[in-house]
1. Under 23 Å from residue 179 (Cβ atoms) and β-branched (Val, Ile, Thr) - does that describe any residue in region 24-37?
2. Does residue 132 qualify as being outside any loop (DSSP other than H, G, I, E, B) and more than 21 Å from residue 47 (Cβ to Cβ)?
3. Can you pull out every residue in region 16-72 that is under 30 Å from residue 88 (Cα atoms), open to solvent by 50 Å² or more (accessible area, probe 1.4 Å), of a type outside the set (S, T, N, Q) and part of a loop (DSSP other than H, G, I, E, B)?
4. I'm trying to understand the selection: among the residues of region 197-212, which are of a type in the set (A, V, I, L, M), assigned to a helix (DSSP H, G or I) and surrounded by 15 or more Cβ atoms within 10 Å (Cβ to Cβ)?
5. Going through region 142-158 one residue at a time, which ones are buried (at least 19 other Cβ atoms within 10 Å of the Cβ) and either assigned to a loop (DSSP other than H, G, I, E, B) or β-branched (Val, Ile, Thr) (or both)?
6. For region 92-134, which residues satisfy the criterion of being open to solvent by 60 Å² or more (accessible area, probe 1.4 Å) and within 19 Å of residue 155 (Cβ to Cβ)?
7. Confirm whether residue 139 is in contact (Cβ under 8 Å) with a residue 40 or more places away in the chain, part of a loop (DSSP other than H, G, I, E, B), open to solvent by 20 Å² or more (accessible area, probe 1.4 Å) and farther than 17 Å from residue 103 by Cα.
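The values are calculated or read from the model by the stated rules, or taken from the named source; none is laboratory data. On a predicted model such as this, the values are computed, not experimentally measured, just so you know. Ideal geometry is used to build each Cβ from the backbone, glycine not excepted, and the neighbour counts take in all protein chains shown. Note: accessible area is taken over every heavy atom of the protein model, side chains too, but ligands, DNA and RNA are not part of it. Shrake-Rupley method; radii C 1.70, N 1.55, O 1.52, S 1.80 Å.
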Amino acid sequence: MPDIVEAVLFDFDMTLVDSSRAVTECLNLLARDEGLDPITLDDLMGTIGLPFEESLRRLFGRFDPSWPVKYRERYRLKEHSMIRPIPGALDALRELRSLGLKIGVVSNRNMLSLAAERLGVAELVDLMVGLEAGLPPKPEPHMLNHTLEELGVSPQRAVYAGDTQADVLCALKASVAPIGVATGPLRKEELKALGASAALESVAEIPALLRPMVKVAPAL
């Protein structure tokens with residue numbers, strides 16, 4: 001972990017918000033429309049963090065380019081209405097802001113800003129970068145690097161919190177300390193084994209972890 005932290009970056013799905021049941025239900029509506037076999041919540045959890053196209057390919061065994069379009073047009077708003085913040089996540093963001101830290105969200109989700117605005121996340125962060133930015137998805141480090149450049153913070157003074165292997169690998173490739181959170185598909189010990197510098201039950205624990213590392217003046 002860094003001696004001094006100036007920025008905290010977060011994954012979105014299953015890190016700041018629980019979208020698992022919402023996406024499972026909406027994908028099953030798509031499956032019904034397209035004559036595909038339904039999926040389970042466990043099936044969906046195995047694809048958390050992947051770009052949508054790759055998730056569809058893994059879940060249904062093939063991919064039709066029309067599926068993302070149909071999903072967006074028919075079910076995206078329903079999905080957003082069912083997503084809920086992880087307990088304690090919004091309070092954690094508020095506390096981190098009060099410490100004077102810069103906050104970003106880096107996600108393999110498309111239409112990230114729309115979902116974040118509906119859930120009250122957008123107003124608590126400085127920058128959000130999703131796949132609509134046109135950068136390679138995680139675990140490649142490009143979105144994370146871009147976010148830090150925009151925030152004006154060096155990788156050595158940042159941490160990235162996420163729930164998947166892709167999140168941990170992305171942080172390591174960007175020379176950022178990974179914090180694993182066990183609100184997604186992996187347990188704390190699995191996240192540590194992948195290389196996470198710390199593993200927590202949820203993002204609610206992050207302010208207490210980082211408070212000793214904050215050397216900047218709190219925001220007025």
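1. Scanning region 24-37, I find no residue that is under 23 Å from residue 179 (Cβ atoms) and β-branched (Val, Ile, Thr), so the answer is no.
2. Values: outside any loop (DSSP other than H, G, I, E, B): yes; more than 21 Å from residue 47 (Cβ to Cβ): no.
Judged against the criteria, residue 132 is not a match.
3. 46
4. To start, the set of residues in region 197-212 that are of a type in the set (A, V, I, L, M) comprises 198-200, 203-204, 206, 208-210.
Cutting the leftovers down to assigned to a helix (DSSP H, G or I) gives us 203-204, 206, 208-210.
Result: 203, 204, 206, 209, 210.
5. 147, 153
6. Passing the criteria: 102, 126.
7. Considered against the rule, which asks whether it is in contact (Cβ under 8 Å) with a residue 40 or more places away in the chain, part of a loop (DSSP other than H, G, I, E, B), open to solvent by 20 Å² or more (accessible area, probe 1.4 Å) and farther than 17 Å from residue 103 by Cα, residue 139 comes out as no.
For every residue, the table says whether it meets (1) of a type in the set (Asp, Glu); (2) closer than 25 Å to residue 75 by Cβ.
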{"residue": "111", "(1), (2)": "no, yes"}
{"residue": "118", "(1), (2)": "no, yes"}
{"residue": "121", "(1), (2)": "no, yes"}
{"residue": "124", "(1), (2)": "no, no"}
{"residue": "131", "(1), (2)": "no, yes"}
{"residue": "141", "(1), (2)": "no, no"}
{"residue": "147", "(1), (2)": "no, no"}
{"residue": "150", "(1), (2)": "yes, no"}
{"residue": "154", "(1), (2)": "no, no"}
